[in-house]
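Written out below as structure tokens is the structure these notes cover.
Where a number appears in this text, it was derived from the coordinates with a stated rule and is not lab data. Since the model is a prediction, treat every value here as computed from it, not as a measurement. Here Cβ is always computed from backbone atoms with ideal geometry, including for glycine, and neighbour counts include all displayed protein chains.
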């Protein structure tokens, strides 16, 4: 197994106000937590099975220094 991290950015064409994340019992939109222009390190990747199929999540530090599991389909790889 290899360890390390890589960087991702939010997709330009994703409506972030529709993307919701649960944190500490409250629901937040992703645009409250992340900035589109910034690259974020992915600290871990998780594959979760579900009724709709497998879902990939990235463990990413948000702008307020909290670490959240966010859907990978919101991101593209960043070159930095």
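Packing-based ranking of 69-75, 36-42 yields 69-75, 36-42, ordered from highest to lowest mean Cβ neighbour count within 10 Å.
When the helices of the chain are scored as -39500 (n - 2.57) per DSSP H run of n ≥ 4 and the total is divided over every residue, the value at 222 nm lands at -500 deg cm²/dmol.
Most tightly packed first, judged by the mean number of other beta-carbon atoms within 10 Å of their residues, the peptides 45-54, 22-31, 6-15 read 6-15, 22-31, 45-54. Here the simple spin-label model places points 7 Å from the Cα toward Cβ, and for residue 63 and residue 15 these points are separated by 2.0 nm. Extension gain for residue 36 to residue 23 (0.36 nm times residue separation, less C-alpha to C-alpha distance): 2.7 nm.
Available extension along the chain between residue 43 and residue 77 is 10.9 nm, counting 0.36 nm per residue and deducting the alpha carbon span.
Where Rh denotes the Kirkwood radius from the mean inverse Cα pair distance, what is Rg over Rh for the chain? Rg/Rh: 0.95. Dividing the mean sequence gap of close Cα pairs (under 8 Å, 6+ apart) by how many residues the range 8-80 holds gives a relative contact order of 32 percent.
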